[in-house]
Every structure is written in structure tokens, then in C-alpha cells.
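Working notes for the structure below.
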Amino acid sequence: MYYNKNKLRQNSKSYTYSLSDFSKGVNRDIDENALSMDYAHIAYNVKYKDKSLKQGHGFKDLTTPSVIEGMTLTFQAPSVNAKPLRIWNTHITSENSGTERDILLIYCDDGYMYKSFMPNASASYTKIFTAHFTSIPTVINYKYNGKYVSVICSPTDDMYLWNLDTTPVKSTKNLHLTSLCSHYERLFATTSTNKRQVRFSKDFDITNWEETSDAGGFIELVDDRGNINKVLSLNDYVYLIRDFGISRLSAYGDQSEFSVTHICQTSNIIYANTATVCGDRIVYLATDGLYYCVGSSVYKYNIKINDLFDKTALSTACACYYDGKYYLSARMNFDDGKNISCESETDYKNNVLVEFDLQSQKLNITRGVDICAMAAFVFDGWQRLAVLFNGANNQKVGQLTDDGKLFNVATKKCWQSPATDLSSLATKSVRSITLISPTDVEITIKTEQESQTLHVIGSEKLQKIVCNVKGVKISIAIESNSPTLYISNLSLDIDILEE
């Protein structure tokens, strides 16, 4: 059994069961009855600190420093007539002056890009009229002729180059690129016209994609791993994210020396929009869970929540790497009959943001947010995870917070233990609970026979609440509608009624 019998301070047929460490997180891989009650069977909009339970993440309008000292700018959507669909942090150079600027770039469903300098004097955008896109574009930074430019492409449009002195300039025709990365002075790309090919430009000239031995070209892969959906550059290789596997392209200098190695093959779909370079590895979501690729090897993370993912609706999942953590927006099925925030909308795409710490391998789930895009903004002295939303918040440009509120409305917080018999088939009675909770919470004690919900009034002091719940298997649930949450020193006083 996984629980610690030292938790049971026994005195004949009565004992106190202590839930002393909430930091164990969610575990759905092991049968509930084999787990101690300080694991979670379900937990969302909470997180763990110093073994206590606290409020989880929230979101507010994106704020950035201003060029005016002491002033903060608050950003909304670029246009009331268009919905933001994608967001990027770009870095480009003035060809004339050599000045480098960071830019907040947003693509909206009117087909146009909107830009705002970081930092700026006001929270305003400039619409880029010269480049109109008929499908959602991809943007990367590239150092071209010694200057940083943004390279912009889409599955149905031409490729554009953009620097500070010009509006985006069309540089190639009919490539229809779906994914881009820069690697050893070339661009590598996937294309909507042939999904089995990876295209590449001439070295030192990303505008030249001619298929010749001394310019650009393509490599076509026709094995069982399926289409090539994304390219990512990591260390000395270009990784090809495919439907059912990952291949690795070695591409140094002369294209005659390019070679492909197949890293893995799987029967599970790999969701390319979740594949992200995270430091020394690529992390991605597949139908059966979360994986990472390092060098020529692929490993699976033991995240213990795979059964929650809605495997019929993961094509809209997306991800971002920020501050040592992998953030995954996806759809989960909690099967609890509840509609939390965006889940009350009939057409929501995603409903959770999973924060996965790559070092500690602990995670937190924020439920009720339909996020369609994310971007990490890291500048001197400040950093943000910026997010865009589907649904009711689709006119928001948000940022991740720790205040337990979704645009000033408190999130619904829940932590629920496994249902366990505590290694005894005897009938038990929970006669009281003890805890510290500075804010109001609801505690539900449940067995296979009955349940009781206790309305706990917030207090900084340790308090005991009397209850009377009988049964063999016991679970406890904590719910809160307050912005803040802090639960510690939780214990249950239990009587053994019969063996």
C-alpha cells in the first residue's frame, strides 16, 4: 500500500488521519484504494507550496512596462472587429540605423498582423496593411545579412520578410509553408503542397528555394511515420515532427551530405502544435501521454493524468516553454457533471492549461480556460507568458498570474482525495475534521454510503468541525470560490465501528 501507517495515531478503535503533504499532486495511475488520502484524484485551479494547498493560476490583461518611467501599459485586442488568433514575440533590426527592437505581434481573423513595440509609450497597435494572410501564419526570427528579420509564412500564402524600416516584403511565391526553423544559415520548412517533404533554402540566402545542387531543395520521406508536420532546430539537428514518429535531419553545409535518421515510430498520433523546444529537449503530447526527445532517444514522462485527456479532441492542443516549465493547453474530460467557466460554452476547444515543471516533474491544472495561443516574453527586468483565448474571452490578450482569478472573477477551485478503505474493511465514522483555512471553503466527506458537506468559515486559527459520515471507503473534497486559498494541518478523526 502507498499510504503511511504512521499517519494513523491509534487509540483503541479511534485514530487521527493526517493529510500532511498536498505536494504529492494528482495520481490517477494507481488504484484509488492503494493511495493515501493526501494524493489527489482530481485537482484543478490549485497548486502546492510547502506541503500546503494554495490557489492556482489566473489570468489578467497583459501588462508591460512603458518607455515612460514608472508607467505600466495594459493591452487589449488590436481591433474590436477582429479576434486575435496567434501571438509572437519578435526581434527585428532597422536596416538603416541598426537599431534592434522587440515587438508584440498578433494575427487576427481579419487576415492582418498588428504590431506594438516593447516597450512602448502606449498600449496601441499598428496594423500592417501590406501583408494579408488567408490562413493562420507562422513567424520566426532570423539573422539575415547580419540583421534580425521576421520571416512570415502560411499554408496558403507566400513568404514575407520584415525589418524595422519596411512593411513585410514578399520574398517567395507558391511555397505555402506550414512550419519553419532556421538551422546553419538555412531555413527548413514543411509545406501544405506536399506533406511528405521537408524543404530547405540556399545557405546564406533564405529567399532562394530553387531546387538545385548549390541552392535549395527538398527531402521526401515515404515511410510509415506519415506526414512531416513541424520542423524544430535543436543543437546540431533538425527534428521532423511527424504523424506517427520523429525523424532527425543532419544538415551541415553542403546538401549532398544531408542525412536522415529515424528516432521513433509509434501507433499514437503526435500533436505537432504541442512540440516545443524546451532547453535541451523537445517536449510534445501524443495520444497516450507526454513525451520528450533528447538527442536520438525518446522518453515518456510519468505525469499520472493521461486518462483525463479527451483523446478525441486533442487536435487543437498547443504548447509553450516559459520559465523552465512546459505549458500545455488541451482538452480534458473530468466526467464530474460540472461546467467550469468555458465549459458552459457549447463550442469550446480546450478547457485546461497544464503547467509541467521539467525539473521537478510536478504539474498543476488550471481548468475552465480555452486557450488558443501562447507566447513567452522575456526581456531585461520582466517576463510574461502571454495568452489568447477562444470563446467568451476571445477579445482578451492575457497573461498568466498566480492570483486565482480569471479576469477578476475567482476561479472554482477543487481538490479531491482518492476513495480509500485505509487498509481496513471495517465500517468507519469520520466524526470531525481539523484544519487551518483563512478563507471560506466547503469540505465534503464522502463514503460509499453517505456524504456530508461542511461549510467552513475562514479563520487564521486551527479549527475543528464536527461531522458524522459512515462507510468503509472514505474520500475528502475541498472546494472554494474565493480568489485565495490556503489549506494546511488537515486531519480527520475516525472511529472504527465494526471489523
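The values are calculated or read from the model by the stated rules, or taken from the named source; none is laboratory data. The model shown is predicted, which means the values in this text are computed figures rather than measured ones. The area values use the complete protein model at the heavy-atom level, side chains included, leaving out ligands, DNA and RNA. Shrake-Rupley method; radii C 1.70, N 1.55, O 1.52, S 1.80 Å.
Taking a ≥ b ≥ c as the square roots of the Cα gyration tensor eigenvalues, with a/c under 1.5 meaning rounded and otherwise prolate when a/b beats b/c, else oblate, which class fits region 85-176? Please list the in-between numbers first.
Details: a/c = 2.00, a/b = 1.18, b/c = 1.69.
Oblate shape, in that a/c is at least 1.5 and b/c is the bigger or equal ratio.
Skipping prolines and chain starts, which residues have an amide H placed within reach, meaning under 5 Å, of the one on R242, given they are 5 or more residues away or on another chain?
N229, S247
Too long at a 23 Å Cα-Cα cut-off: which of K83/K143; K304/K325; K54/K470; K304/K405; K49/K311?
On the way: K83/K143 31 Å; K304/K325 17 Å; K54/K470 29 Å; K304/K405 26 Å; K49/K311 31 Å.
Listed pairs above 23 Å: K83/K143; K54/K470; K304/K405; K49/K311.
In square angstrom, what is the accessible area per residue of the chain with a 1.4 angstrom probe?
Details: 21210 Å² over 499 residues.
Ligands and nucleic acids excluded, the figure is 43 Å² per residue.
Extent of the chain along each principal axis, from alpha carbon coordinates, in Å, largest to smallest?
Its Cα atoms span 85, 54, 38 Å along the three principal axes.
List the residues whose amide H sits under 5 Å from the amide H of G404, counting only those 5 or more places along or on another chain, with H placed 1.01 Å from N in the peptide plane.
Close amide H contacts, sequence-distant or interchain: G58.
Quick one: which residues, 5 or more positions from L485 or on another chain, have an amide H under 5 Å from its amide H? H modelled 1.01 Å from N in the peptide plane, none for Pro or chain starts.
Q55
Give a residue-ordered list of calculated ³J(HN,Hα) values for region 126-132 (Karplus: 6.51 cos²θ - 1.76 cosθ + 1.60, θ = phi - 60°; whole Hz; x for Gly, Pro).
Result, rounded to whole Hz: 10, 7, 9, 6, 7, 10, 10.
If you average the alpha carbon positions of region 314-336 and of region 240-313, how far apart do those two centres end up, in angstrom?
16
Shape of region 136-221 from its Cα gyration tensor (a ≥ b ≥ c, root eigenvalues): rounded if a/c is under 1.5, otherwise prolate when a/b > b/c, or oblate? Write out the running numbers ahead of the final one.
Working: a/c = 1.89, a/b = 1.27, b/c = 1.48.
It comes out oblate by the Cα gyration axes.
Counting alpha carbon pairs within less than 8 Å and at least 6 residues apart, what relative contact order, in whole percent, applies to the chain?
Numbers: 1339 pairs, mean separation 79.7, N = 499.
Rounded, it is 16 percent for the chain.
Percent of accessible area on the chain owned by carbon and sulfur, 1.4 Å probe?
On the way: 9440 of 21210 Å².
C and S atoms contribute 45 percent here.
Could you run the Karplus curve 6.51 cos²θ - 1.76 cosθ + 1.60 with θ = phi - 60° over region 168-173 and give me ³J(HN,Hα) per residue in whole Hz, x for Gly and Pro?
Each residue of region 168-173 in turn: x, 10, 5, 10, 9, 10 Hz.
Under the classification rounded if a/c is under 1.5, otherwise prolate if a/b is larger than b/c and oblate if not, where does region 164-207 fall, given a ≥ b ≥ c as square roots of the Cα gyration tensor eigenvalues?
Details: a/c = 2.28, a/b = 1.35, b/c = 1.69.
Oblate.
How high is the relative contact order of region 442-499, in percent, with contacts defined as C-alpha pairs under 8 Å that are six or more residues apart? Intermediate values should be presented prior to the final figure.
Values: 59 pairs, mean separation 21.4, N = 58.
Averaging sequence separation for qualifying contacts and normalising by length gives 37 percent for region 442-499.
Whole-Hz ³J(HN,Hα) for each residue in region 67-82, computed from phi via Karplus 6.51 cos²θ - 1.76 cosθ + 1.60 with θ = phi - 60°, x for glycine and proline: what do you get?
For region 67-82, the Karplus curve yields 5, 7, 4, x, 9, 10, 9, 10, 9, 10, 5, x, 8, 6, 9, 9 Hz.
Compute from the Cα atoms of region 372-499 the Rg and the Dmax, the latter being the longest Cα-Cα distance, and quote both in angstrom.
Answer for region 372-499, Rg first and Dmax second: 20.0, 65 Å.
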